[in-house]
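**Student:** Can you keep this structure in mind? I'll have questions shortly.
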Amino acid sequence: TYTVTVSVTLAPVVNLPSDTIVCEGRSVLLDATNPDATYLWSDGSTTGQLAISDSGMYVVTVNNGYCAVSDTFLLGVISSNDINFVETAVVCGDNNETILLDAGTGISFYWSPNGDTTSTIIVSEPGIYDVVVTHASGCTKSDTITVAELCRETIFIPGAFTPNNDGKNDLFYADGSNILNYK
């Protein structure tokens with residue numbers, strides 16, 4: 001008579017999700033967690049979970065000490081065009097100045113605080129302007145620009161005056177805008 005004890009160890013279960021496409025800036029959490037197992041991901045990580053946000057193929061091998069199982073996941077990342085605002089955005093309402101803000105390309109736009117839905121807006125008031133751009137893929141990008149008020153000073157000093165009380169040029173004075181004081 002000969003007695004043999006046989007142990008059966010089940011292979012780890014690894015079910016990474018179906019291949020996925022995400023918008024730029026989003027991540028996917030891959031979970032290959034199994035009890036009493038070790039992990040080796042294609043990027044060298046050795047944890048049961050891996051958060052990823054870059055396009056590429058990810059492979060995990062899960063080993064429970066007796067059996068090793070691998071699974072593969074493919075991530076595609078859709079990038080959206082960046083919004084490139086001008087570096088310096090200034091207006092002067094006193095001079096009826098405006099600036100054109102351009103959100104670039106996309107299929108829909110939403111500007112706040114004014115609620116415009118065009119790719120460009122003309123701004124005549126200082127303030128903080130936000131835009132959300134939706135692209136054909138459904139991905140969105142947003143950006144903020146601060147429009148400052150910068151009014152250049154102007155001054156007018158007449159070359160002559162006629163103090164004859166006829167109501168025209170009777171007073172000699174300097175006139176201007178955006179001047180705090182002068183002597």
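**Student:** So L101 passes all but one of these: (1) open to solvent by 70 Å² or more (accessible area, probe 1.4 Å); (2) part of a strand (DSSP E or B). Which condition number does it fail?
**Tutor:** Here L101 clears every test but (1).
**Student:** Where in the stretch 105-183 are there strands (runs of 3 or more DSSP E), lying fully within it, with 1 or more residues that are touching a residue at least 60 places away in the same chain (Cβ under 8 Å), hydroxyl-bearing (S, T, Y) and surrounded by 12 or more Cβ atoms within 10 Å (Cβ to Cβ)?
**Tutor:** Numbers: elements: 108-112, 120-123, 127-134, 140-149, 154-156, 175-177.
Passing ranges, in order: 140-149, 175-177.
**Student:** Okay, moving on. So is L74 assigned to a strand (DSSP E or B), of a type in the set (A, V, I, L, M) and open to solvent by 60 Å² or more (accessible area, probe 1.4 Å) or not?
**Tutor:** Working: assigned to a strand (DSSP E or B): yes; of a type in the set (A, V, I, L, M): yes; open to solvent by 60 Å² or more (accessible area, probe 1.4 Å): yes.
Considered against the rule, which asks whether it is assigned to a strand (DSSP E or B), of a type in the set (A, V, I, L, M) and open to solvent by 60 Å² or more (accessible area, probe 1.4 Å), L74 comes out as yes.
**Student:** Checking I21 against (1) over 30 Å from G127 (Cα atoms); (2) of a type in the set (V, I, T); (3) touching a Gly at 6+ places or on another chain (Cβ under 6 Å); (4) not in a strand (DSSP E or B), which test does it fail?
**Tutor:** Tallying (1) over 30 Å from G127 (Cα atoms); (2) of a type in the set (V, I, T); (3) touching a Gly at 6+ places or on another chain (Cβ under 6 Å); (4) not in a strand (DSSP E or B), I21 fails exactly one: (4).
**Student:** Taking the residues in the stretch 44-98 that are among the small types (G, A, S) and closer than 30 Å to P126 by Cβ as candidates, determine which candidate is farthest from the chain's Cα centre (by Cα). Please lay out each step first, then the result.
**Tutor:** So in the stretch 44-98, the residues among the small types (G, A, S) come out as 44-45, 48, 51, 53, 55-56, 65, 68, 70, 76, 79-80, 89, 93.
Now narrow it down to the ones that are closer than 30 Å to P126 by Cβ: 80, 89, 93.
Details: S80: 10, A89: 19, G93: 29 Å.
For the stretch 44-98, the residue satisfying everything is G93.
**Student:** Restricting attention to the stretch 20-43, which residues are among the hydrophobic types (A, V, I, L, M, F, W, C) and farther than 30 Å from T134 by Cα? Spell out the reasoning first.
**Tutor:** Of the residues in the stretch 20-43, the ones among the hydrophobic types (A, V, I, L, M, F, W, C) are 21-23, 28-30, 32, 37, 40-41.
Listed by number, the residues that qualify are A32, A37, L40, W41.
The values are calculated or read from the model by the stated rules, or taken from the named source; none is laboratory data. Remember, it's a predicted structure, so these values are computed and weren't measured experimentally. Cβ atoms come from the backbone with ideal geometry, glycine included; neighbour counts cover every protein chain shown. In case anyone asks, the SASA skips ligands and DNA or RNA and just uses the protein heavy atoms, side chains included. Shrake-Rupley method; radii C 1.70, N 1.55, O 1.52, S 1.80 Å.
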